[in-house]
Structures are given as C-alpha cells and as structure tokens.
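The values are calculated or read from the model by the stated rules, or taken from the named source; none is laboratory data. Please read these numbers as outputs of a predicted model, since none were measured by experiment. Heads up, the Cβs are rebuilt from the backbone with ideal geometry, glycines too, and the neighbour counts pull from every protein chain shown. The protein model used for the area step is the full one, side chains on, heavy atoms only, and it has no ligands, DNA or RNA in it. Shrake-Rupley method; radii C 1.70, N 1.55, O 1.52, S 1.80 Å.
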Amino acid sequence: MKKSLISLLACLFIFPLFATGVMAAGKGQGKEVGTTVMSYNIHHAVGIDGQLSLQRIADVIRDSGAEIVGLQEVDRHYGERSDFKDQAKELAGLLGYHYAYGANLDLEPGEGQTNNRQYGTAIVSKYPILRSENTWLSSFGKEQRGVLHAVINLKGIHVDVYNTHLGLDVTSRTAQAQEIIDLASGSQGPALLMGDFNAEPESSEFRLLLDSGLFVNSFEGIDDAYTFPVINPSATIDYILTSPNVRHANQRVIQTEASDHLPIAAEVIFKR
C-alpha cells in the first residue's frame, strides 16, 4: 500500500513537468521568428550633398530598425574619398553589430599607406555571423563583381544571406545571376539575396533569379519601389529577395539623402 502511494505521488509530480516540457517543445517548433532586413548602396558614405558621413549611414540603419543589412559600395582603406577608413568595421562599431566584408577590388596600398585599397560589399548583423565567404563573379574584363555569403544565427535559425552588386551590362548581369543561382542552390536553410542589381524588375536577368525557384521578390506588387536616383527616383534596381517560404511585411523605401541610392527595408518572418 505504501509503495503504491509513493508511486502515485511520483506520477502526480512528474507528469505536470513532462506535460509542460512537451507543450514548450511543441510551441518552440511552431514559433515564427521575424527580423527587419535592409539593402543599401551607401556610395562609400557620401551623400548627394557631397559630404562623407558614416554616422549618417549608421543613423539611417538604426532608425529603420534593420537588424541584418546588405551594404554595397563599401570602402576599406580605399583612399581620401573615405578617409582611408575600414567602413564596414566602423559602421558595425557604431551600431554594435557583427560584420563581414567582401573585397571585389583589392589594390596595392596607396602612397604612404600600408593596407591594401579595397572596395566591395558588406553585411552587418545584430545576430552572430557564423561564417562568411566572398566569391568573385564573371566580370568580362570590367569592374570586378562578387557575391558575399554569410550564415547568420537568427535566434537558432541559420539564415544564408547573400549580398551582391551586379554589373552594368546585360551580358555580365545574366552570367552573374546564374552564378549566384548555382551558389545559392546549396543553401540548406532559408535564404536572403539582396543588393544593387542594376536591373529593372522586368529585365531578363532579374526574371532569371525568380524563375530559378530559389527566390521571390519581397516587393512584388509594390509598383513605386523606386530607389534611384535619390531626387525624384524613377528606377527600381535595389532588391530584397527571399526563399519562397519566408513571409514579408512592411516593405518600404526609406527617404534619405545620405547616399546616391535610397535604402529599402522589409520585415521577414521565418518558420522555426
């Protein structure tokens, strides 16, 4: 009788803990995780007023609430135009974020300098960057282009983030788009592709990215997502693409004169 009573009391004590654990696990499996992402061609932090200001770029990012940002036209010790600064590192410091940098131009140091003059793209993130790699894309003897790939730990979800700045002619962009597709096809989890594509939404090279089935346009159906030029913008060339199973909300073009492009931002929601 005593043994049966002890067993009953043990069951009564353990079962609520077990049930709570199951409920918590079930809740965790179905939970959605959201964040705000941004794509921004920063024109090495020179605004249309001709003034250089990394602080102004950092303020635009902070005010938007963006937590994962793909930046294009980022200098690293490049020259006087950006005070020889490591812009990705300094922006990350101003924001308190992690960062990854991809040099597409990697030139010998300038006179009196010790660091290589670099120019490319960057990803800054509130969340840890687990690894990153920059891959050069076919550029046919013109300005070297690339795609920076970072894996970011977003509250336990590993997100593949790709950031690029495509070329100025259709032939280059088409080849570069296909190479990005080939690279992104190896992604294991949800993916983001953002950047300055130098291509309008109806272009064949942009459609190539969508027709791959890997990406959808988070601004699909938004007709006035113009990002260039800053004054009276009339062209859509900056994008945030996501995996098809990622939901989007609050897509917007941000009005600022801190660069020669307007940044775009969107909330993205991932299934855990």
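Of all residues in the stretch 73-91, those that are under 21 Å from Pro263 (Cα atoms) and in contact (Cβ under 8 Å) with a residue 40 or more places away in the chain have Cβ atoms under 6 Å from Cβ atoms of residues that are open to solvent by 10 Å² or more (accessible area, probe 1.4 Å) and aromatic (Phe, Trp, Tyr), 6 or more apart or on another chain, in Asp75/Tyr119.
The residues on offer are Gly102, Gly146, Gly120, and the sole one that is assigned to a strand (DSSP E or B), touching a Phe, Trp or Tyr at 6+ places or on another chain (Cβ under 7 Å) and within 16 Å of Lys85 (Cα to Cα) is Gly120. Among residues of the stretch 244-272 that are surrounded by fewer than 13 Cβ atoms within 10 Å (Cβ to Cβ), those with a beta-carbon under 8 Å from a residue that is at pLDDT below 95 at least six positions away or on a different chain give the pairs Asn245/Lys271.
Considering the stretch 63-99, the residues that are assigned to a loop (DSSP other than H, G, I, E, B) and of a type in the set (Phe, Trp, Tyr) include one that is surrounded by the most Cβ atoms within 10 Å (Cβ to Cβ), namely Tyr78.
Summed over the stretch 37-59, the residues that are of a type outside the set (Asp, Glu) and either part of a strand (DSSP E or B) or surrounded by fewer than 18 Cβ atoms within 10 Å (Cβ to Cβ) (or both) give a count of 12. One residue stands out among those in the stretch 3-36 that are outside any helix (DSSP H, G or I) and of a type in the set (D, E, K, R): the one that is modelled with the lowest pLDDT, which is Lys31. The single residue among Gly146, Gly156, Gly189 that is under 17 Å from the mean Cα position of the chain (by Cα) and open to solvent by 10 Å² or more (accessible area, probe 1.4 Å) turns out to be Gly189. Selection over the stretch 120-138 of residues that are among the polar types (S, T, N, Q) and open to solvent by 10 Å² or more (accessible area, probe 1.4 Å) gives a count of 4.
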